[in-house]
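Below is one structure; the comments refer to it alone.
The values are calculated or read from the model by the stated rules, or taken from the named source; none is laboratory data. Note that this is a predicted model, so its numbers are computed, not measured. Glycine also receives a Cβ, built like all others from the backbone with ideal geometry; neighbour counts cover every protein chain displayed.
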Amino acid sequence: MPRPKGRRRICFRPDIVYFKPRGVPMSALEETVVDDDELEALRLVDAEGLGQVAAAGRMRISQPTLARVLASARKKVATAMVGGMAIRLGGADGHDKR
């Protein structure tokens, strides 16, 4: 049985939580969910340009954990874009919201 997730510091909550291909109704789309910690990792590394060590420190997780979270997030977004899927942001509850 895997270890439970530790508390991760999440400093960003998006106002918009869905992205979908234009012209396709939601009822016809598959959906992938980018969890809160994955979105935070993407934001810190890809949008803000922080290195993985600095981003891991901001999230209060180890760098190897950040690398796994980031790889998961990037794979989900790439798969959704290539496969024409909807992307829902958020979905993991119980994390530190500071």
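Observations
- From ALA56, ALA71, residue being modelled with pLDDT of 95 or more, crowded, with 21+ Cβ neighbours inside 10 Å and in a helix (DSSP H, G or I): ALA56
- Total residues in region 1-55, condition farther than 23 Å from GLY84 by Cα and polar (S, T, N, Q): 1
- Just so you know, in region 2-45 the residues that are of a type in the set (Gly, Ala, Ser) and part of a helix (DSSP H, G or I) include one that is surrounded by the most Cβ atoms within 10 Å (Cβ to Cβ), and it is ALA41.
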